[in-house]
Amino acid sequence: MKVARGWLAAGAICLLAAMGTWNADAQRLPGGVRPEHYALTIAPDLAKARFEGSERIDLVLEKPSNEITLNAAEIEFESVRVGDADATVTLDTAREQATLHFARPLSAGPVALQIAYRGVLNDKLRGFYLSKTKLRNYGVTQFESTDARRAFPSFDEPALKATFDVSLVIDSGDTAISNTQIVRDTSGPEAGKHTIVFATTPKMSTYLVAWLIGDFQCRAGKADGVPIRVCATPDKVELTKFALDAAKWDLKYYDKYFGIKYPLKKLDLVAIPDFEAGAMENFGCITFRETEVLVDAKLGTLNARKEVTTTVAHEMAHQWFGDLVTPQWWDNLWLNEGFATWMETKAAAQWKPKWEFEQDAAADRSGILDEDAARATRPIRQRAETPGEINELFDNIAYGKAGAVITMVEHWTGEETFRRGVQAYLGAHLYSNATAEDFWNAQTRTSGLAVDAVMRSFIEQPGAPEVRFGQRQGGEIAVSQKLFTDHTASGGTGVAHFKQTSTAPARDNERWTVPVCIKGSGCKLVAPGTTTVGTETKAPFFFANADDKGYFRSTYAKAEYAAIVANAETSLSPAERIGLLGDRWALMRADEGTVGEFLDLALALKQDSDPTVTESVTGRIQAIGTRIASDDDRERLNAVVRREFGPVYAAMGGPRRREKEDHAELRQALFEALGEARDPQVLAEAQRLTEQLFSGQKAADPNIMDAAVALTAAKGDAAMYDRLMVVVTTTKDPDFREAALRALTWFQLPPLVERTLEFAVSDNVRSQDSWLLFAWMLDRRETQEQAWKFMRDHWDEIEGKATPSSGAHLVEAAGAFCSVEKRDEVASFFAAHHVGSAERTLAKSLERIGDCAQLRAAQQPHLREWLAAHGS
Ligand SMILES: [Zn+2]
């Protein structure tokens, strides 16, 4: 799965949060039963939002029993029988289980269980649910992690793989898509209906089953002999070409990479109007939020096309890694998600080498290291038993950090060796399940390196190391490591009374086995007892994180650091400069450096030609403006930004025909930064571009359009608000609509802010997007106070509209404040209004607020000092 796209707080990547507001105390099934095959017939009534189901489950009983327990939630059983023996059913709603009782014991061996039942098409975007457009209803599914049980009684655990026959009884005019190809389509069983029968699936987990019903239309293609379609509601088929091209390329790439041909006879990618996550890797039937797969192949912004590229690559990687071979249990979810996160960059960078995916990954990595430095972080592998616990695992640790660790290991072992390890792992567990140990043991065997020791130290311990490098002495350099945290030992702002942190064990003795790859000099393994590493003596400088692929913070002796900075623009790669900036930023956050030291480095890189490096600079300067500066400091900081970056922007000139994409991206980064710093020329340009948009003219550079409208909205009036609202309500392009929605949250006049807040809880905003509006407004200094008050005053409405993960997203968004008073306010509000599956998210948010207050107190004097020396 790919979680919903969040918002990026400058300098600190957002926590892409957990799913689930329910709080069931579900446990694992008792075992003793092995399901082998499900034959499902589902007859939905899309108008009345309900369905009837009948299923036969072929299973094997290990020993005689007069009871069988399986999972079921929101299911009404009509009849259960084996042969002519009827069963009675007892439901345990808290555990989401049903136990079937037979008068006489069933003998050990094969059993054919017949179940007739009814269910509801819910509006919570999980299980079998309704998605709506203005024109009609759709019946669609989302089963990961534990919601197949809402659509059919099942042994709903990833290790209990089986084959599936799905038949759908639907309205005559409708069509349906499922995991496999259609083998039969006949009219009946009653007038006005037809029955679609899909081919038997391979052996797979219940969470990967899917079916979609409506009037979807598709664009078709083919790769390596496999038919591929990208489907959407009829009005949006024109936006499917780009994703189809991506999918065709990815399929061939993965066929080769994995050395195993794509295992099904077809692949569909389907955009769903209402969709909670970003996308879901159902075997052969990938589902997407519309913004993650639909984009105008020509006019879409580069960011939108990049997003579709990585999401398609991510979900398709799962077809092998996750679907074909599946983790035994959810504690190893990271193995799925870390792998897919690593692979999405790898595949995307091969397909579009000029789009700088490696630099994006470096920037993400730095954000994740920041997040992982918090007290409330968690180890990558974590026990999770209940649906709530399982759903809280879908965070940046399982995705970004696990992906970063895999990136580091591949960089160390070498691409080809790593690939052989992946192939050995997959080959040994086809159509079956595996554990993390299976993965790293395969890598250890194929590489002959201590991959197991490295991975174990990063998978089982929370946080990341700070590796300290001393002054070079001949060919040797002293090295030591410690846990990197972004807070001082005293804690200052006192978050200790929160449960998560007070019970956490002391972590000072954490140590890692880290592959340290020295630029120009190869990789060394730094283990817990390592005190020196050998290096080239003649190199003009020593840089310990080649290609920025290592997951650690590094610090250097003063003279060594000065040599790195002096050579940064000429000798470091863009990813390495991004890493260097990230380390300097982190040291400031940890009070091991000053904001002035960061700003010195930032200005040294102001003319960088790489857009992601520039974003790493300007994004963090903006963060200094909101999180450290007073109003007065901010004015002075903005003046420095205008003075230093204005000439760089001016020198770039306007958009040119067929200019390189990284050039356009750099212009966009500078435009946004100068706009935020209230540069009068950029603001005038933004105003002009906004007028152009409203008058229907085509933009010369669509990439800066979003920022232009948002910057203009910040000073916009009611007339502009009305015009933008027309765009929001009429545009068909999902990405453009999302940009317009976001621009709505930039208005600052209180009555307009109020209108957006009212709009966010109205029926005009899909529940999948409602939380986004709040999150964006909480993230902006100018609107956060009003948004927070509205949220507290309207919590019942907001909760009523909430999807399973909205609550946790809002808890996360509330972490944008920056004072001890606010932290206490947020803590007491969510203590009184409990949000399920968001325990760790709340602890992180409260810690983030406290840390921000502490950072401001510690760094504000340094900022003033620096501004006094560098101001105009
Ligand atoms: Zn995924």
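This table checks each residue for (1) of a type in the set (Gly, Ala, Ser); (2) open to solvent by 50 Å² or more (accessible area, probe 1.4 Å); (3) closer than 26 Å to residue 607 by Cα.
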| residue | (1), (2), (3) |
| --- | --- |
| 675 | yes, no, yes |
| 695 | yes, yes, no |
| 699 | yes, no, no |
| 703 | no, no, yes |
| 712 | no, no, no |
| 717 | no, yes, no |
| 724 | no, no, no |
| 735 | no, no, no |
Some residue of region 242-251 being open to solvent by 50 Å² or more (accessible area, probe 1.4 Å) and touching a helix residue (DSSP H, G or I) at 6+ places or on another chain (Cβ under 7 Å): yes
Any hit, region 555-575, residues being closer than 27 Å to residue 679 by Cβ, touching a residue at least 60 places away in the same chain (Cβ under 8 Å) and not aromatic (Phe, Trp, Tyr): yes
Contacts under 7 angstrom Cβ, first residue in region 580-603 being over 17 Å from residue 552 (Cβ atoms), partner of a type in the set (Val, Ile, Thr) and part of a loop (DSSP other than H, G, I, E, B), 6 or more apart: 588/594; 591/488; 595/628
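For region 332-360, how many residues are part of a helix (DSSP H, G or I) and away from the ligand (no atom under 16 Å from the Cβ)?
Just the residues of region 332-360 that are part of a helix (DSSP H, G or I), to begin with: 332-351, 353-355, 357-360.
Subset that is away from the ligand (no atom under 16 Å from the Cβ): 349-351, 353-355, 357-360.
Residues that pass the stated criteria total 10.
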Cross-chain or 6+ apart pairs with Cβ under 6 Å, region 307-322 first and within 17 Å of residue 207 (Cβ to Cβ), then within 11 Å of the ligand (Cβ to nearest atom) and open to solvent by 10 Å² or more (accessible area, probe 1.4 Å): 314/2; 314/344
Those strands (runs of 3 or more DSSP E) lying entirely in region 118-214 with at least 2 residues at pLDDT 95 or above and under 31 Å from the mean Cα position of the chain (by Cα): 127-132, 137-142, 163-171, 175-178, 211-214
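Of all residues in region 294-323, count the ones that are within 14 Å of the ligand (Cβ to nearest atom) and of a type in the set (A, V, I, L, M). Steps first, answer last, please.
Of all residues in region 294-323, those within 14 Å of the ligand (Cβ to nearest atom) come to 310-323.
Pick out the ones that are also of a type in the set (A, V, I, L, M) and you get 312-313, 316-317.
Count: 4.
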Some residue of region 363-377 being in contact (Cβ under 8 Å) with a residue 40 or more places away in the chain, within 19 Å of residue 246 (Cβ to Cβ), small (Gly, Ala, Ser) and assigned to a helix (DSSP H, G or I): no
Filtered residues of region 59-76 (kept if open to solvent by less than 40 Å² (accessible area, probe 1.4 Å) and assigned to a strand (DSSP E or B)): 59, 60, 61, 65, 68, 69, 70, 71, 75
Test: residue in region 592-608 that is open to solvent by 10 Å² or more (accessible area, probe 1.4 Å) and in contact with a Pro (Cβ under 8 Å, 6 or more places away or on another chain): no
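Tell me which residues, restricted to region 521-537, are touching an Asp or Glu at 6+ places or on another chain (Cβ under 7 Å), more than 29 Å from residue 374 (Cα to Cα) and surrounded by 15 or more Cβ atoms within 10 Å (Cβ to Cβ).
Pass one, region 521-537, residues touching an Asp or Glu at 6+ places or on another chain (Cβ under 7 Å): 521, 532, 534.
In the following step, the residues that additionally are more than 29 Å from residue 374 (Cα to Cα) were identified as 521, 534.
Answer for region 521-537, where residues must be touching an Asp or Glu at 6+ places or on another chain (Cβ under 7 Å), more than 29 Å from residue 374 (Cα to Cα) and surrounded by 15 or more Cβ atoms within 10 Å (Cβ to Cβ): just 521.
The values are calculated or read from the model by the stated rules, or taken from the named source; none is laboratory data. Because the structure is a prediction, the values reported are computed rather than measured. Glycine gets a Cβ as well: all are built from the backbone with ideal geometry, and neighbour counts include every protein chain shown. Calculation scope for accessible area: heavy atoms of the full protein, side chains included, ligands and nucleic acids excluded. Shrake-Rupley method; radii C 1.70, N 1.55, O 1.52, S 1.80 Å.
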